1. I'd like to know if the range 157-175 contains one or more residues that are of a type in the set (D, E, K, R) and modelled with pLDDT of 95 or more.
2. Residue under question is Ala67, and the condition is that it be in a helix (DSSP H, G or I), modelled with pLDDT of 95 or more and aliphatic (A, V, I, L, M); does it hold?
3. Residues in the range 101-154 that are assigned to a helix (DSSP H, G or I), exposed (fewer than 15 other Cβ atoms within 10 Å of the Cβ) and in contact (Cβ under 8 Å) with a residue 60 or more places away in the chain: how many?
4. Which one is surrounded by the most Cβ atoms within 10 Å (Cβ to Cβ) among residues in the range 229-249 that are in contact with a strand residue (DSSP E or B) (Cβ under 6 Å, 6 or more places away or on another chain) and more than 23 Å from Glu92 (Cα to Cα)?
5. If Pro112 passes every condition in (1) closer than 17 Å to His56 by Cα; (2) in contact with a helix residue (DSSP H, G or I) (Cβ under 8 Å, 6 or more places away or on another chain) but one, which one does it miss?
6. Of the conditions (1) within 20 Å of Leu188 (Cβ to Cβ); (2) at pLDDT below 95; (3) in contact with a Gly (Cβ under 6 Å, 6 or more places away or on another chain), Glu48 clears all except one; give me its number.
7. Scan the range 127-150 residue by residue and report those that are touching a helix residue (DSSP H, G or I) at 6+ places or on another chain (Cβ under 8 Å) and under 24 Å from Ala207 (Cβ atoms).
8. Need the failing condition index for Ser217 against (1) assigned to a loop (DSSP other than H, G, I, E, B); (2) over 19 Å from Arg100 (Cα atoms); (3) open to solvent by 10 Å² or more (accessible area, probe 1.4 Å), just the number.
Amino acid sequence: MTKQQKMMQEELGFVFLHGAGMNGGVWDIVAEGLGYPCLKVDYPSREEAAGMPGHHLTLEDYVTHMAEQVRRWDTDKFVLVAHSLGGVLAMELAARLAERVAGFVAIGAAIPKSGGSFISALPFPQRIIMPVLLKMAGTKPPESVIRKGLCSDLPEEQASRIAAEFIPESRRVYTDRVHASAPQVPKLYVKLTQDKEFGESLQERMAANLSADRVESLSTGHLPMLSDPLGVRRILEGFVGQVKTSHVSAISS
């Protein structure tokens, strides 16, 4: 078997990073139908959710916690799939595990420029107002805001559950700076055209910050893994084919 044939047969995995307030289970429907090994990482504050949220945790603490989960996983190469706040964390995680990352997918994800933070990637005046709101009101939005923003296209029952189970994040995960650059692997940005949290122009800027090779669109709100899991799965299946082809081309050249 040639190296090219071996690479085409090699099975990649997916590592999923969720957004703020969620947990890895948000990816269940997407992952179950993919037919690839999947790891749905969780953030460290979930371990403290029953008590006091981990407000002392830094962005580095989050990345270290996720990296340990990936290191214990037995799939050598994987595509990182990041949603919303997860984009900030995925940039640092990709830099730390560069030898294992084969591709990068950002789905309605925050991608700041190198040296920036989640807040710095927001448009004016949000990047001025948000630090004040985080300090005064914490990191769990009011239920009405969660429903209007995160859950704009979800059924009532699902929206109620998300609002009730929303887990506050550490403030520093929003304010700490990201020093990693865009990974040197195939990159895809998935724009959510009905997103009430991140507008289209903001997502286009995030895609530019990522230096995405391609941009695809889904006509959903902010949580497409719940409102259109089949659409997300279709995009990921197409992308993993591109990743394998890219690896074969690199070997051949």
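The values are calculated or read from the model by the stated rules, or taken from the named source; none is laboratory data. On a predicted model such as this, the values are computed, not experimentally measured, just so you know. Positions of Cβ are generated from backbone atoms using ideal geometry, with glycine treated the same way; all protein chains shown enter the neighbour counts. SASA here: full protein model, heavy atoms, side chains in, ligands and nucleic acids out. Shrake-Rupley method; radii C 1.70, N 1.55, O 1.52, S 1.80 Å.
1. Within the range 157-175, the first condition is being of a type in the set (D, E, K, R), and the residues that meet it are 157, 161, 165, 169, 171-172.
Among the residues that remain, those that are also modelled with pLDDT of 95 or more are: 157, 161.
Yes: the range 157-175 contains one or more residues that are of a type in the set (D, E, K, R) and modelled with pLDDT of 95 or more.
2. On the way: in a helix (DSSP H, G or I): yes; modelled with pLDDT of 95 or more: yes; aliphatic (A, V, I, L, M): yes.
Criteria met by Ala67.
3. 0
4. Ile235
5. (1)
6. Glu48 satisfies every listed condition except (1).
7. Filtering the range 127-150 down to residues touching a helix residue (DSSP H, G or I) at 6+ places or on another chain (Cβ under 8 Å) leaves 127, 130-131, 134, 139, 141, 143, 146-147, 150.
Selection gives Arg127, Met130, Leu150.
8. Checking Ser217 against (1) assigned to a loop (DSSP other than H, G, I, E, B); (2) over 19 Å from Arg100 (Cα atoms); (3) open to solvent by 10 Å² or more (accessible area, probe 1.4 Å), the one that fails is (1).
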